[in-house]
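> Supplied in structure tokens, the structure appears directly below.
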Amino acid sequence: MVADGLSVLFCGINPGLMTAASGHHFARPGNRFWPVLHLSGFTPRQLRPDEQDELLAYGLGITNVVARPSARADELTREEYLEGGRLLSGRVERLAPRWLAIAGVTAYRAAFDEPKAVIGPQERTIGTTRIWALPSPSGLNAHWSTAAMAEEFARLREAAGVERRTET
């Protein structure tokens, strides 16, 4: 789900088992990515995972840090994260999105060897692409409410210069 020159390229940690089986990003019912994307104003309505292709029309895309599916992100190794970060950097250099938004600050820390990174915009860039570490939308992330997560996604939307989209 990528194209050249996107406003924001969202990046999940890795495909969950349901995502791998369906071929649709953030497909698990408890995942809050699609509701948060809408609540933050990136999309005019809540898209379903099987409507992920519509994101490109909004200048948005989705990829992952690590390609290997797993039931939980904690099953990934440090080496997988670092290799994923290297491959992701190459993809971002080619595609040149305005922002790379990694949905999971722990994944950002591991993939880019930035152990002290916090949620929000990062100092590191990949070419001209800025990086924003977001909270993981996984239902397992109990530290962030859906509303608080939507506020953080909205901060990114504003920084990326994407107008708030509402249903017409």
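> If you place +1 on the Cβ of every Lys and Arg, -1 on the Cβ of every Asp and Glu, and leave all else neutral, what size is the dipole of the chain about its Cα centre, to the nearest 20 Debye?
Here the chain has a charge dipole of around 160 debye.
> Match the structure shown to one of the listed values (i) 0.92; (ii) 1.06; (iii) 0.96 of Rg/Rh (Cα atoms, Kirkwood Rh), computed from it, and give that label.
Structure-derived value, by its label: (i).
> Continuing with the same structure: Mind putting together the pair-distance distribution for region 124-168? All Cα pairs, 10 Å bins, whole percent per bin, short to long.
Reading the bins upward from 0: 23, 41, 31, 4.
> Counting only C-alpha contacts under 8 Å and six or more residues apart, can you give the relative contact order of region 1-131 as a whole percent?
Relative contact order for region 1-131 comes out at 34 percent.
> Moving on to the next point. Which percent of the accessible area of the chain is formed by carbon and sulfur heavy atoms (probe 1.4 angstrom)?
51 percent
> Determine the distance separating the Cα centre of region 24-77 from the Cα centre of region 105-168; give it in Å without decimals.
The distance from the Cα centre of region 24-77 to that of region 105-168 comes to 13 Å.
The values are calculated or read from the model by the stated rules, or taken from the named source; none is laboratory data. Owing to the predicted nature of the structure, the values given are computational and were not obtained by experimental measurement. Every residue, glycine as well, gets a Cβ built from its backbone with ideal geometry; the counts of neighbours run over all protein chains shown. Heavy atoms of the whole protein, side chains included, go into the accessibility calculation; ligands, DNA and RNA do not. Shrake-Rupley method; radii C 1.70, N 1.55, O 1.52, S 1.80 Å.
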